[in-house]
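*Asks:* One structure follows; several queries about it will come next.
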Amino acid sequence: MQRIIRDGDPAYRHTSEGPDDMSAHLRSVLTGSFLTLPVVESRLGLGVWQGVYLWEHRYQGRKRCLVLTIQGEGTAL
């Protein structure tokens, strides 16, 4: 990601939280910040080669919260 969006690039004016501030925002656009996952019989319905990965775009990550929203019909998990 450093090749695509460099930390501390003077073209970015938004640096109120450090030189990786704006670049972290731009990287989050490319990698996404939300995900929809299927649940089948109380388990993640992922394919053989699929997985879920978290990526911190800042030098010093902060405490993060996970928000789950469950929709649909079916039996209780």
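*Asks:* Tell me the angle of helix 21-31 to the major Cα principal axis of the chain, expressed in degrees between 0 and 90 and rounded to the nearest ten.
*Replies:* Computed tilt is about 40 degrees.
*Asks:* Calculate the spin-label point distance for Leu30 paired with His14, positioning each point 7 Å from the Cα along the beta-carbon direction, and give it in nanometres.
*Replies:* So the label points at His14 and Leu30 sit 1.6 nm apart.
*Asks:* Then there's this: Can you tell me the relative contact order of the chain? Whole percent, Cα pairs under 8 Å, sequence separation 6 or more.
*Replies:* Reported as a whole number, the value is 23 percent.
*Asks:* Report the calculated FRET efficiency for Val52 and Arg6 (r = Cβ-Cβ distance, R0 = 35 Å), to the nearest 0.05.
*Replies:* About 0.80, to the nearest 0.05.
*Asks:* Only helical DSSP H runs with n ≥ 4 go in: add -39500 (n - 2.57) per run for the chain, normalise by residue count and round the 222 nm mean residue ellipticity to 500 deg cm²/dmol.
*Replies:* -4500 deg cm²/dmol
Only the coordinates and a few stated rules stand behind these numbers; no lab work does. Note that the coordinates shown come from a computational prediction; the quantities given were computed from them, not determined experimentally. Positions of Cβ are backbone-derived with ideal geometry, glycine not excepted, and every protein chain shown enters the neighbour counts.
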